[in-house]
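Note sheet for the following structure.
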Amino acid sequence: MSRTPRHSHAGSRSHQEAQERSALSSALFRKFQELIYQEAGIWLAVHKHALLTGRVARRLRLLGLNSMQEYYDLITQPDQLHERAVMIDCITTNETHFFREARHFDFLSQNVFPKWQHEAATGGRPTRLRVWSAGCSSGEEPYSLAMLLLKHFPEERGWSLEVLATDISTRVLEKARAAVYPIEKSKDIPQEYLRAYMLKGRGERSGVMKVRAELHRLVRFARVNLHADFYPIQGLFDLIFCRNVLIYFDQKSKEKVIAGILRHLSSSGLLFVGHSEHLGGISSDLKTVAPTVHALCPSNTEPSQRGVANGVVTSVPF
């Protein structure tokens, strides 16, 4: 008489336990939807049901929880700010590369930077530039911007440069700060920048490349939730890149995010969004100067009209 191997019963139990752990009723999914929207302004569509359970399954195992209900009960406790941030990390997708959407970088090099150089040379603007990469993911965008700035505005000629890079995901911010990338990503970097600002690993570090120290020191990383009422950021920026971020938000959240970002855009600054994103109907404070490139309307360039008092942007501690 044949017998079923003992380990197959164990495997069946394990599979059944995993299914029970990740079971998510429609009612409970709606609660997660509302919580995630409240926390980050991200609305999970119904077809994201499997994505949610799949992405947080590992957290349940690590925390020793037996069900999605237990996880929900945990993250809704007032003292679980960190775990709610971890959950947001789990459900967001962070995929990018160096010099993504190259037309934006070409636009800056050809149309914007020469004008700013001339204005600085004739005393029309200070020799200081501040750039914000909002939704920076694993760092490729802010480092690309820093390379571009160093080429056009050399510090040895008196320029002061700063790149602020923010994201809601602590996981990708850790990768960005480490500034180490697979060597395959080098194909996205123009040769002049690759030679000037990247180091190729050797020996046990072969297969990776690292951002040079002079580039790394220009970029400051911080966690910022763009759906928050205020951002822990001081001052105004000449350039703000918020690309492929708005796709996560519904119309109401987009309006809130853009309003928050514009409080930090200088009167002569530019806002860049992704090529699949459109700001029509989102803000009357903006005018389009090129496809997916926007500036403040002349009537809305006074700092006092954009949440700035005495030159200091309203902020809250980190």
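The values are calculated or read from the model by the stated rules, or taken from the named source; none is laboratory data. Keep in mind the model is a prediction, meaning the values are calculated, not measured. Calculation scope for accessible area: heavy atoms of the full protein, side chains included, ligands and nucleic acids excluded. Shrake-Rupley method; radii C 1.70, N 1.55, O 1.52, S 1.80 Å.
Summary table below
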read-out: Order of exposure, largest accessible area first, which applies to 96, 288, 127 with probe 1.4 Å; value: 288, 127, 96
read-out: 21 Å Cα-Cα reach of residue 254 towards lysines, excluding residues that sit fewer than 8 places from it in its own chain; value: 48, 287
read-out: Amide H contacts under 5 Å for residue 221, placed H, 5+ residues apart; value: 165
read-out: Length gained when the stretch residue 73-residue 205 is fully extended (0.36 nm per residue, less Cα-Cα span); value: 43.2 nm
read-out: Share of carbon and sulfur in the accessible heavy-atom surface of the chain [1.4 Å probe, %]; value: 51 percent
read-out: Residue-averaged 222 nm ellipticity for the chain, from DSSP H runs of 4+ at -39500 (n - 2.57), nearest 500; value: -12000 deg cm²/dmol
read-out: Axial C-alpha extent at least 20 Å, average Kyte-Doolittle at least -0.5 - helices from the chain (DSSP); value: 26-40, 49-63
